[in-house]
Amino acid sequence: MEQYKGKEQESAGVDELEDSGCKLVLYNDDVHTFDYVIKALVDICRHTTEQAEQCAVLVHCYGKCIVKTGGYSDLLPMHTALLNKQLTSELVEG
């Protein structure tokens, strides 16, 4: 049985996405150096140098790494900043 979704229910879905946990995933590219990626993670995601180094190694070895978790509204500016630095990232729900 299909239930009708009104506009109120649709907008509630957007609010839930913003409040639910999201993941910021960084992908490997064969262009940027470790130092460039590490500096970006420290500057943008507020990682310690050690955290940024570990993420850079994971990205290199596995092709991707979850570099930050949190709410959509918190991660969106970080995602945009990584893209502006020509790094490949994605916001994933859950």
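Please treat every number below as a calculation from the coordinates, not as lab data. Being a predicted model, the structure only gives us computed values, none of them experimental. Reconstructed Cβ throughout: ideal geometry from the backbone, glycine too, with neighbour counts over all protein chains shown.
Placing R0 at 30 angstrom, the Cβ-Cβ distance between Thr49 and Ser73 gives a FRET efficiency of 0.65 after rounding to 0.05.
Multiplying the residue separation of Gln86 and Val57 by 0.36 nm and removing their Cα-Cα distance gives an extension gain of 8.6 nm.
May I ask you to derive the FRET efficiency for Glu93 and Lys64 from their Cβ-Cβ distance with R0 = 22 Å, giving the value to the nearest 0.05? For Glu93 and Lys64, the calculated efficiency is 0.90.
Computed from backbone phi with θ = phi - 60° and the Karplus coefficients 6.51, -1.76 and 1.60, the 3J(HN,Hα) list for the range 23-37 is 10, 9, 9, 9, 10, 6, 9, 9, 10, 8, 7, 4, 4, 5, 5 Hz; x is used for glycine and proline. Here the range 32-94 is described by how far its Cα atoms reach on the three principal axes: 27, 21, 21 Å, from widest to narrowest.
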